[in-house]
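The values are calculated or read from the model by the stated rules, or taken from the named source; none is laboratory data. Note that the structure is predicted; figures quoted are calculated from it, not measured. Every residue, glycine among them, receives a Cβ derived from its backbone with ideal geometry; neighbour counts consider all protein chains shown.
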C-alpha cells in the first residue's frame, strides 16, 4: 500500500448489526451525502481517542437512535473511493434497544445474511467487507 494513502486514510467503523430474528441492518444514503442513494452498513469515522466499539456505539446512537451491544471485530478492508481512501472496520453487534429513527439516511432495511452480498446498490467497500468476512 502506498505511503501517501496511509497518511490520508480515514478509519471508518461499521455495524454488522443483527436484530432478534438474525437479519442485518442496511441504511440508504441521502442525496446530501457522497454516493447518494447507495446502501451501506451503519457507522462512521473513528474520532481521536475512541476505541472502535466506542465510535460505533456513538455513531449508531447519533444516526439511528439505537443502542447496540458489540460482540467482536471482523476483518477490515482498505478501499479507495475517488474522493478518499478508507479502512473499513466491521464490528459484529446485536440490537440491544430501540427502533431505527433516521436522522441522516433516507431508508433502512433488515436483510437476511444470504441476501447481503447481492443487495442492489450496496457500496463496493461493504461488498468487499462481506467477502472478506465469509458472507
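Observations on the structure shown:
- Residue count for segment 90-106, restricted to those that are touching a residue at least 40 places away in the same chain (Cβ under 8 Å) and farther than 12 Å from residue 42 by Cβ: 3.
- Within segment 115-135, the set of residues being surrounded by 15 or more Cβ atoms within 10 Å (Cβ to Cβ) and either in contact (Cβ under 8 Å) with a residue 24 or more places away in the chain or over 21 Å from residue 77 (Cβ atoms) (or both) comprises 116, 119, 122, 123, 125, 126, 129.
- Scanning segment 86-114 for residues that are surrounded by fewer than 14 Cβ atoms within 10 Å (Cβ to Cβ) and either more than 21 Å from residue 66 (Cβ to Cβ) or in contact with a helix residue (DSSP H, G or I) (Cβ under 8 Å, 6 or more places away or on another chain) (or both) gives 98, 101, 103, 114.
- Scanning segment 36-52 for residues that are surrounded by 14 or more Cβ atoms within 10 Å (Cβ to Cβ), in a loop (DSSP other than H, G, I, E, B) and over 11 Å from the mean Cα position of the chain (by Cα) gives 38, 46, 50.
- Boolean, residue 58 is more than 22 Å from residue 131 (Cα to Cα), modelled with pLDDT of 95 or more and either more than 14 Å from the chain's Cα centre (by Cα) or surrounded by fewer than 17 Cβ atoms within 10 Å (Cβ to Cβ) (or both): yes
- Total residues in segment 53-82, condition in a strand (DSSP E or B) and either in contact (Cβ under 8 Å) with a residue 60 or more places away in the chain or within 17 Å of residue 96 (Cβ to Cβ) (or both): 8
- Only one entry of 100, 90 meets the criterion of being part of a loop (DSSP other than H, G, I, E, B) and closer than 18 Å to residue 19 by Cβ, and that entry is 100.
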